[in-house]
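The values are calculated or read from the model by the stated rules, or taken from the named source; none is laboratory data. As the structure is a computational prediction, the values presented were derived from the model and not from experiment. These accessible areas exclude ligands, DNA and RNA; they are computed on the full protein's heavy atoms, side chains included. Shrake-Rupley method; radii C 1.70, N 1.55, O 1.52, S 1.80 Å.
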Amino acid sequence: TAKLDSPPAASGPSSDSDVHNDGWTTVTSSSNRRSFSDVLRNSVRTVFQEERCKCDVIISKAEESANDAAFLAQLCEKMNFPTKPGQHQRLGKISTSPDERGSHRPRLLKATFSSAFDARSFMARYEECRKEKVEGLPVLRLRSGKSKEEREAFGRSSKEAHKLNEEARKAGKNESFSLRDDASIWKFTKKEDGAWVRDRSWRPANANQGN
């Protein structure tokens with residue numbers, strides 16, 4: 001009697017393949033899986049960095065010092081602010097050429113707090129002290145830390161505000177354009193009594209700009 005050959009055993013899809021109901025097989029290589037893992041890892045890292053930068057306060061006009069930690073500690077004491085930044089760092093290179101006033105512009109000073117809440121509270125407390133004209137309070141400019149995209153938008157707005165101020169100065173207008181922490185630009189006009197008042201009806205030419 002002739003011996004019948006048994007049908008070949010059905011082979012399932014490999015660990016690197018996905019079988020659809022129509023019988024077609026799509027191969028998903030291990031390299032593609034690694035690529036997805038890299039994308040996911042990079043996305044998580046980006047979110048973490050964006051959250052971390054909210055703990056930073058960027059301080060301009062802070063004179064160069066051999067002991068920035070002492071400067072920040074004294075500033076907190078002057079403001080009666082209980083939380084001191086845990087880390088600090090000067091940003092950029094030391095200026096070698098003087099500005100129009102003949103002085104060297106100090107580098108930005110980054111102060112890092114343990115939480116975004118402390119960073120916001122620090123800036124709010126400085127603004128309160130400035131309005132109260134606390135004696136001995138240094139004249140500084142503070143802004144919150146920003147992500148890469150936010151820094152790029154802030155830089156574009158900074159250039160635009162500088163351009164508007166230069167145009168107003170050359171035209172002899174009593175106008176001033178102020179760059180805000182959220183990268184929006186506000187226009188101020190000088191009244192007869194010398195007070196600067198915001199012009200809320202003004203809108204920047206850039207449609208993406210805030211009010």
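For the stretch 129-211, the fraction of 1.4 Å probe accessible surface lying on carbon and sulfur atoms is 44 percent. Sorting Arg203, Arg107 by solvent-accessible area of protein heavy atoms yields Arg203, Arg107, largest first, with a 1.4 Å probe. Legend: residue pairs Lys110/Lys173; Lys78/Lys133; Lys110/Lys148; Lys93/Lys131; Lys148/Lys187, Cα-Cα distance threshold 23 Å; pairs beyond threshold, Lys110/Lys173; Lys93/Lys131; Lys148/Lys187.
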